[in-house]
Amino acid sequence: MNPLPHISNLAPDRTKKQPRRFMCVNPRCGDTGQSGTFERFQFNADKDTCPKCKGSGYPYVVLMALVHLLIPDPQGRIMGGDGRYRMACDPSRHYLATTTNQEAATGDPEAVNCPGCLEVIAKASIQEPTGSLIVPSSDESIEQE
Ligand SMILES: [Zn+2]
Ligand SMILES: [Zn+2]
């Protein structure tokens, strides 16, 4: 039995390796951060119910886009316009954004918000003077299909 049947149609092709991050649009749940600008409340959860106001589902609670890091890799499973790439948090992954998964990918570490990819970035060092990341090769072996 599925304990959360109502999430079955909520981005079923979204990665299971990272937490789902939601944003509640209720202004009462938001807060003014240190920057002085109002920010809506965000939380990680399995289901789209706000822990503060208990608001539930779109359009009250919105699944946030997950932005992954793509790393150039001749063995990578993702084909780009200028070569192969692997997803930093999931080298075996062979697809990126779909119309439903609310996922995106970038080569720009500044734009990444995926916790798994940020971990990889934190371990990486910056190559001077090009500024590109040197990412330690993955421990996870890439399975061939
Ligand atoms: Zn709320
Ligand atoms: Zn990622």
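Numbers at a glance
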read-out	value
Relative contact order (%) - the range 19-64, alpha-carbon pairs under 8 angstrom, separation at least six	47 percent
In nm, spacing of pseudo-spin labels at L96 and D46 (7 Å Cα→C-beta vector)	3.1 nm
Label point distance in nm, Q34-N113, each placed 7 Å from Cα along Cα→Cβ	1.9 nm
Quotient of Cα Rg and 2.2 N^0.38 Å for the range 67-134, N being how many residues it contains	1.07
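FYI, it's all coordinate maths here, none of it is from the lab. Just so it is clear, the structure is predicted and the values come from calculations on it, not from any experiment. Methodologically, a virtual Cβ is constructed for each residue, glycine included, from the backbone with ideal geometry; neighbour enumeration extends over all protein chains shown.
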